[in-house]
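Here the structure comes first, spelled out in structure tokens, and everything after it is commentary.
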């Protein structure tokens, strides 16, 4: 049966479905929100390590989008704009967090000194690794960080292309470059301890 | 035959994001070109390394629940495709109204081809699909019980939601949106919706 289904699939290129309730004001925004809010939150949650903060930032960004209003602006694509603003906001939050993180790390080291269990040690090491990854991401070009985060969240190339505003065919190249840059910076900061 | 591939292509090959034809060509090429093979190994190794590091960030995240899938994706495409939308809506509305008249009998009447659809159709038809017009078309999926089901193409075609080939997946029947429009959705292994059909609409050739 599935084979029939697959053979029967038609390209959506010439079609366009409309959401129920299209025509009501704001429905374009509903669609955008439904499709991209979860992905933006997931991306920001990885970046900041704080889901509720990620949701806060995402809500803020979508609020901006709704106020921006105009969709069919041929000069600038909506999705790349949306993802760029979200990534930048996430990176800003990361920088603001870094002071708090340092305090937490110091507190962790204190725990360790006063006789910690294996578990605590392991979790500290994991936390340190996360902090390193974030700090390298923070140092990358926002677009590179965004590509790596979205890819790591399982986005397909077509989705990456939409989010970054490039042709799907160039995603492989951009991704390979971003990964090379990430590795280079990681090794430069932390040596070969990967 | 020497036909070396760019890093970006090899990276896409790794993620199975090349077309089937290119995938075949790259596979064949890697078998005979040590240079590209070495480069591919390097790219794949690095990709694994980086994704492993980024994966460390995911540990604390709760797994996001699979959301109900809406037929709206690829917003960007619509923005520039007002005419196509209008044409699509016109066809859908036509089919739905036909459907309402003849809910069971599914004569294989040729429907207008999409390519030939009037591209200049006015967007004024938009409301036709909303709310009331979209209301239930509760036709059973396989109404022709008397006929022995021989292998044949389904009458209700699925529309692909993206350009990637669908290799495998599961079909889930669900209702979409506030108006609970019945639809079958094909999900890929990664949980993304890959194709959709509204139940009760007829074949568009």
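The values are calculated or read from the model by the stated rules, or taken from the named source; none is laboratory data. As the structure is a prediction and not an experimental result, all values here were calculated from the model. Cβ coordinates were reconstructed from backbone atoms using ideal geometry, including for glycine residues, and neighbour counts include every protein chain displayed.
Every residue, every condition in (1) more than 9 Å from every other protein chain (Cβ to nearest Cβ); (2) assigned to a helix (DSSP H, G or I); (3) touching a strand residue (DSSP E or B) at 6+ places or on another chain (Cβ under 8 Å); (4) modelled with pLDDT of 55 or more, yes or no:
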| site | (1), (2), (3), (4) |
| --- | --- |
| B:11 | no, yes, no, yes |
| B:16 | yes, no, no, yes |
| B:23 | yes, yes, no, yes |
| B:66 | yes, no, no, no |
| B:78 | no, yes, no, no |
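Out of curiosity, is residue A:151 more than 7 Å from chain B (Cβ to nearest Cβ), over 17 Å from residue B:48 (Cβ atoms) and part of a helix (DSSP H, G or I)?
no
Can you name the residue in segment B:167-178 that is more than 16 Å from residue B:16 (Cβ to Cβ) and either surrounded by fewer than 18 Cβ atoms within 10 Å (Cβ to Cβ) or modelled with pLDDT of 80 or more (or both) and is also farthest from the chain's Cα centre (by Cα) among such residues?
Filtering first and then ranking leaves B:178.
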More than 7 Å from chain A (Cβ to nearest Cβ) and at pLDDT below 50 - does that describe any residue in segment B:187-201? yes
